[in-house]
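> Sharing a structure here in structure tokens format.
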Amino acid sequence: MNVVVIGGGLAAANAAAELREQGHGGDIVVVGGEPRLPYERPPLSKGLLLGSAEPEDALVHPREWYDEHQVDVRVGTLATGIDLDRRRVRLGSEELPYDRLLIATGATPRHLPPADASGAPVLHLRTLDDAIALREQLTEGARIAIIGAGWIGLEVASAARQRGASVTVLESAPLPLQRVLGDQLATVFADLHREHGVDLRLGAQVSGVEHDHGKVVLHAEGSDPVVADLLLVAVGVSPTDELAARAGLAVDNGILVDARLRTPDPHVFAAGDVANHDHPVLGTHVRVEHWDTAIQHGRHAARVMLGSDEPYTRLPYFFTDQYDLGMEYVGHVAGGTGYDDLVVRGDLAARQASVLWLREDRVVAGLHLNDWDAIGPLRAVVGQPVTDAVRDPSVPLADLVDGEG
Ligand SMILES: Cc1cc2nc3c(=O)[nH]c(=O)nc-3n(C[C@H](O)[C@H](O)[C@H](O)COP(=O)(O)OP(=O)(O)OC[C@H]3O[C@@H](n4cnc5c(N)ncnc54)[C@H](O)[C@@H]3O)c2cc1C
């Protein structure tokens, strides 16, 4: 059986590793559009910008690994078509046959038409090369404007402030991260950035971008114009699913896959940011744009390709590091508002706390701020029924797991 993986990112590299770890002896070809071996993206908005990490630290596997494991990794190679009937992937004029195909093409940053049309110094952050270009601009006294107070916008704001740049963030919503975290937690992040000197302009809808002698001038309703040396557009990503759609696979906010990461075509699977997965525990389709999901999806899809019948049940997990705040989150709150109650243990203002989101009779999500021992108990509690002890913030999180709750 030969396996072709389209997309040379985190999900692809982990799928290849799992195939070999499970004893798959057939061919594995990984086709990656970027001119680099698969790498991890989280450092691109953190350590790499701060200077505490270098590009080679981000590699998923060192170069030798691919030879040692006989994985034919073709970097800088775009898959241009998929013929489902003939089971072929087109690479321009070349064709690759497959018995099993994994599509792990990730996601692509959304662009703002006015910003990109202006010719102003504008960056997006997705690739290692984007991060290297951005790092060069984060100097003492540089003026950085960021559109979008999502994870990437805020992580870059944190790195830029730590490198001495002045930072203005424009966000159209009333709070940063509001749709993910809800008002109370979103306020923690707004306060964090303002305390570190970020000019955070909320409810600011960008209406125009000008290019003025190498500077960028941003106009937004509800805000004075912002003049900056560099504009980072961080307004989210879209799944890179055109290739799959053109092949005739079902696509709706990503490639639709069942609980086992299978498309309706029995030979084709999808994983990572591009996969819109029918999550059996959450009871809904979710497309998760996080590091942990890319790894675990890639590995799970590999096992299913080899014959496993296990559904993918792991709950979404993600983390962020901004200034001295570390956060880990597990679970899923639909639209940021799909909960009835929130229980806080600890002190949110001091940013030392854990939080549980409750919906009807279930704990649907949890996070901690700077409480690294909490992630184990959080993982155990999320998905469990709500008890009096869960609702009682004086009962330590660990006791909920020990059965004392
Ligand atoms: C700056 C940044 C910081 C992040 N920080 C965090 C974090 O702190 N915590 C967290 O949980 N998550 C974080 N993430 C998200 C996480 O990195 C992604 O969820 C993960 O990389 C997704 O992996 P993937 O393999 O699905 O896709 P990707 O990593 O996007 O890889 C897909 C690859 O497929 C290639 N490709 C696309 N089309 C084709 C084609 N036709 N032919 C060949 N190749 C193709 C692309 O070029 C790309 O290299 C961050 C992401 C970014 C960009």
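The values are calculated or read from the model by the stated rules, or taken from the named source; none is laboratory data. Keep in mind that what you see is a predicted model, and the values were worked out from it rather than measured. Cβ atoms come from the backbone with ideal geometry, glycine included; neighbour counts cover every protein chain shown.
> Among the residues of the stretch 61-90, count how many are assigned to a strand (DSSP E or B), of a type outside the set (Lys, Arg) and over 12 Å from VAL29 (Cα atoms).
Final tally of qualifying residues: 3.
> So, in the stretch 128-147, exactly how many residues are in contact with a Leu (Cβ under 8 Å, 6 or more places away or on another chain) and within 16 Å of the ligand (Cβ to nearest atom)?
Counting residues in the stretch 128-147 that are in contact with a Leu (Cβ under 8 Å, 6 or more places away or on another chain) and within 16 Å of the ligand (Cβ to nearest atom) gives 12.
> Please verify whether TYR312 is among the hydroxyl-bearing types (Ser, Thr, Tyr), crowded, with 16+ Cβ neighbours inside 10 Å and under 24 Å from ALA389 (Cα atoms), treating the condition exactly as stated.
no
> In addition: In the stretch 144-170, how many residues are surrounded by fewer than 24 Cβ atoms within 10 Å (Cβ to Cβ) and touching a Pro at 6+ places or on another chain (Cβ under 8 Å)?
1
> Mind counting the residues in the stretch 250-285 that are among the acidic types (Asp, Glu) and either touching a Gly at 6+ places or on another chain (Cβ under 7 Å) or within 16 Å of the ligand (Cβ to nearest atom) (or both)?
Count: 1.
> Then there is this: Can you work out which of the residues in the stretch 200-209 that are assigned to a strand (DSSP E or B) and surrounded by fewer than 16 Cβ atoms within 10 Å (Cβ to Cβ) is nearest to the chain's Cα centre (by Cα)?
So, considering only residues that are assigned to a strand (DSSP E or B) and surrounded by fewer than 16 Cβ atoms within 10 Å (Cβ to Cβ), the one nearest to the chain's Cα centre (by Cα) is GLN205.
> Condition test on ALA58, is it touching a Lys or Arg at 6+ places or on another chain (Cβ under 8 Å), modelled with pLDDT of 95 or more and either surrounded by 16 or more Cβ atoms within 10 Å (Cβ to Cβ) or not basic (Lys, Arg) (or both)?
So ALA58 fits the description; yes.
> Give the stretch 23-40 a look and list any residue that's assigned to a loop (DSSP other than H, G, I, E, B), near the ligand (Cβ under 9 Å from one of its atoms) and closer than 30 Å to THR139 by Cα, or say none.
Selection gives GLU34, ARG36, PRO38, GLU40.
> Here are some conditions: (1) within 13 Å of the ligand (Cβ to nearest atom); (2) part of a helix (DSSP H, G or I). GLU56 meets all but one. Which one does it not meet?
(1)
> Considering only the stretch 316-346, state which residues are within 10 Å of the ligand (Cβ to nearest atom) and of a type in the set (Asp, Glu).
Once the filter is applied, which keeps residues that are within 10 Å of the ligand (Cβ to nearest atom) and of a type in the set (Asp, Glu), the stretch 316-346 yields ASP321, GLU328.
> With the requirement that a residue be surrounded by fewer than 16 Cβ atoms within 10 Å (Cβ to Cβ) and either aromatic (Phe, Trp, Tyr) or in a strand (DSSP E or B) (or both), what does the stretch 326-336 give you?
Across the stretch 326-336, the qualifying residue is only GLY326.
> Here is a further query. When the residues of the stretch 218-245 are narrowed to those that are without any contact (Cβ under 8 Å) to a residue 40 or more places away in the chain and of a type outside the set (D, E, K, R), which ends up surrounded by the fewest Cβ atoms within 10 Å (Cβ to Cβ)?
PRO225
> I'd like to know if the stretch 69-79 contains one or more residues that are of a type in the set (Lys, Arg), within 9 Å of the ligand (Cβ to nearest atom) and not assigned by TED's automatic domain parsing to the domain that holds GLU155.
yes
> Suppose the filter is at pLDDT 95 or above and assigned to a loop (DSSP other than H, G, I, E, B); does LEU134 pass it?
For LEU134, the condition - at pLDDT 95 or above and assigned to a loop (DSSP other than H, G, I, E, B) - is not met.
> If TYR339 satisfies all but one of (1) within 29 Å of HIS285 (Cβ to Cβ); (2) surrounded by fewer than 15 Cβ atoms within 10 Å (Cβ to Cβ); (3) of a type in the set (Ser, Thr, Tyr), what's the number of the condition it fails?
Exception for TYR339: condition (2).
> I would also like to ask the following. Any chance the stretch 41-50 includes a residue that's more than 11 Å from the ligand (Cβ to nearest atom), more than 24 Å from GLY236 (Cα to Cα), surrounded by fewer than 19 Cβ atoms within 10 Å (Cβ to Cβ) and not charged (D, E, K, R)?
no
> Go through the stretch 29-42 and report how many residues are among the hydrophobic types (A, V, I, L, M, F, W, C) and more than 11 Å from ILE6 (Cα to Cα).
Summing the residues that are among the hydrophobic types (A, V, I, L, M, F, W, C) and more than 11 Å from ILE6 (Cα to Cα) in the stretch 29-42 gives 1.
> Another question about this same structure. Of all residues in the stretch 288-302, count the ones that are surrounded by fewer than 21 Cβ atoms within 10 Å (Cβ to Cβ) and in contact with a Pro (Cβ under 7 Å, 6 or more places away or on another chain).
Of the residues in the stretch 288-302, 2 are surrounded by fewer than 21 Cβ atoms within 10 Å (Cβ to Cβ) and in contact with a Pro (Cβ under 7 Å, 6 or more places away or on another chain).
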